[in-house]
Amino acid sequence: MKKKITFEEGMQELETLVRTLESGQMPLADSFKAYERAIALKDSLSALLDESDKRIRVLTESGETALDPEAEA
């Protein structure tokens, strides 16, 4: 089972992949794998942001102002 990564972990991995790809020092086959991973991370991070946006909109519409990070655990 894959470990679910946090937004921050995903961003860090994505930034590392982008720097590595931009360096041009990776073999072509590895570059394709890194690119595919970067796209998957981007999609995953985008989904996390969308979910967060929806939660904020619900809280704002219901009049609540504080997020409780412990409620998700």
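Laboratory data are not the source of any read-out in this text; all were calculated from the coordinates shown. Here the structure is a predicted model, which is why all the values come from computation and not from measurement. Cβ atoms come from the backbone with ideal geometry, glycine included; neighbour counts cover every protein chain shown.
A full extension of the chain between residue 51 and residue 22 corresponds to an added length of 7.4 nm, given 0.36 nm per residue minus the alpha carbon distance. This ranking places 33, 3 by how few other beta-carbon atoms lie within 10 Å of each, fewest first, which gives 3, 33. Across the stretch 3-12, coupling constants 3J(HN,Hα) worked out from phi with the 6.51/-1.76/1.60 Karplus curve, θ = phi - 60°, read 6, 6, 8, 7, 4, 5, 5, x, 5, 4 Hz, and Gly and Pro carry x. Our estimate of slack between residue 32 and residue 44, defined as 0.36 nm per intervening residue step minus the Cα-Cα distance, is 2.5 nm.
In the stretch 7-64, taking the dipole from charged Cβ atoms about the Cα centre, the farthest positive-side position among 59, 32, 16 is held by 32. Using all pairs of distinct alpha-carbon atoms, the Kirkwood hydrodynamic radius of the stretch 7-64 works out to 13.0 angstrom. The HN-Hα couplings worked out from phi for the stretch 32-42 by the Karplus form 6.51 cos²θ - 1.76 cosθ + 1.60 (θ = phi - 60°) are 4, 5, 5, 5, 4, 5, 4, 5, 5, 5, 4 Hz, whole numbers, x standing for Gly and Pro.
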